[in-house]
Each structure stands twice: as C-alpha cells, then as structure tokens.
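The values are calculated or read from the model by the stated rules, or taken from the named source; none is laboratory data. Being a predicted model, the structure only gives us computed values, none of them experimental. Because the Cβ atoms are built from the backbone with ideal geometry, glycine has one as well, and the counts that use them run over all protein chains shown.
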Amino acid sequence: MPDIDIDTLRSVVAQRGKSVRSITAIAGPPGAGKSTLAEDLVEALNSDEPGSAAVFPMDGYHYDDLVLVPRGLRPRKGAPETFDVAGFAHMLGRLRENRDREIAVPVFDRSIEIARAGARMIPRKVRHLIVEGNYILLDSGDWRLLHRHYDTTVLIEVPEAELRRRLAERWKDLAPEAFAFKMDENDMPNGRLVKTGSITPEFIVRQ
C-alpha cells in the first residue's frame, strides 16, 4: 500500500476510467479530509474532461433522527450502526451497472443534520465515480458488501493530534458536555475503528 499524492491518484483514476465507469473509494476517520480530497480529485478530472467525474458520499445514508431517537442511537450519530449500509450497497451496485440515464443520490446537509433525498444527480456519462466515507473500507458486517464494487481503494491517514484539532474546531459551538461526548465517546473512537478495522487499501494519502 504505497503512499500516493493527488496528482498521481488523478492519473491512476483517469486511466482506470478511460472507457468504462471506474469506482474509487476514499475512506478515513472523521475530520481526515475525505470530502476535500474527493472534491479536489473530481475537480482535477473534470478539468481534463468536463463532466467525466462525480462524488458519491456515504453520509447521505445516515439514518434520520426519526429512526435514531427511538433506537437510542441519536448520541452515536455518525457511528457505523447509524448508517443504512445495505441501502448504500444497493445504490453503489446500481451506480456500477450504469444502466440509467441519470441516478439521483442523497446528500447529507451538515447544517441541519439531515440527509436530503435526490440532492445530487450522477449521469451515465460519469466514468470516474469517487465514493467517500468513514467506513466504506471496514472489514466487518454489511460493510464488506461494498468492497466488490471498488476499482481503487484509498485510505487517508492523519495523526491523532491533528484529527482532534480539526474536530475540536468542527464542534466548538457545542456545550461543554456535548462537546466532550462528541469528541471522546464518538468521533475519536470512530476514527480509531477506521484505522484498525479497515481492509488494507491499495493506496495511502497522508495529511
């Protein structure tokens, strides 16, 4: 699993999606920069060939609070058990088949903590599909259903101290008790799970 930079990754992904749709999985802990890397990669690929690349984020498959609250999972929102992983797997399979003129996928709106259905369209002409999410390389449970769809796998590694700094900035407006729970009972443990529980990726990006 060699280290890779975005320019080299861009070349790899471009080649693998030269004639058919290729799916690249980018995983990493909360705060690792998955969304930024995915968007930068898509922007670079689309600068070479407009409309050829798109992002499919895992976060659109968060269970809604209407599900999480009755199950006692609201405080753990963002943990592996708070996602509709089977639904995500089915959609990933549909995207790989690429039979439809376009496919609508959900996108998580962090400002209101709700997934918006049909918030992003992925047309058939997209050949470089960049999938990003914390747990998409986990080697456990239904998360394994995702792996067969990937052509390229990337794991972002960030020192724990830097992750903590980034997450502290993300949750700085929370009350002290909620902040402490979010950091030390949810996000940091989830990040360690990603690091220790994921499959060996093809490439590593260090930040």
Subset of region 1-18 [exposed (fewer than 12 other Cβ atoms within 10 Å of the Cβ), without any contact (Cβ under 8 Å) to a residue 40 or more places away in the chain and either closer than 19 Å to I199 by Cβ or among the basic types (K, R) (or both)]
none
Tell me, yes or no, whether region 44-57 has at least one residue that is hydrophobic (A, V, I, L, M, F, W, C), modelled with pLDDT of 95 or more, over 21 Å from R148 (Cα atoms) and over 10 Å from the mean Cα position of the chain (by Cα).
yes
In region 182-203, the residues that are crowded, with 16+ Cβ neighbours inside 10 Å, over 11 Å from P29 (Cα atoms) and not acidic (D, E)
K182, M183, N186, I199, P201, F203
Residue hits (region 78-97; within 18 Å of N186 (Cβ to Cβ) and in contact with a His (Cβ under 7 Å, 6 or more places away or on another chain)) are T82, F83
All-but-one check, P75 against (1) closer than 26 Å to I103 by Cβ; (2) in a helix (DSSP H, G or I); (3) out of contact with any Ser or Thr (no Cβ under 7 Å at 6 or more places or on another chain), failing number (1)
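Quick one: which helices (runs of 4 or more DSSP H) sit completely within region 93-207 and have at least 1 residues that are within 19 Å of D59 (Cα to Cα) and either within 19 Å of the chain's Cα centre (by Cα) or modelled with pLDDT under 90 (or both)? Even if it seems obvious, please write down each step before you answer.
Details: elements: 160-170, 176-181, 188-197.
Correct list: 160-170, 188-197.
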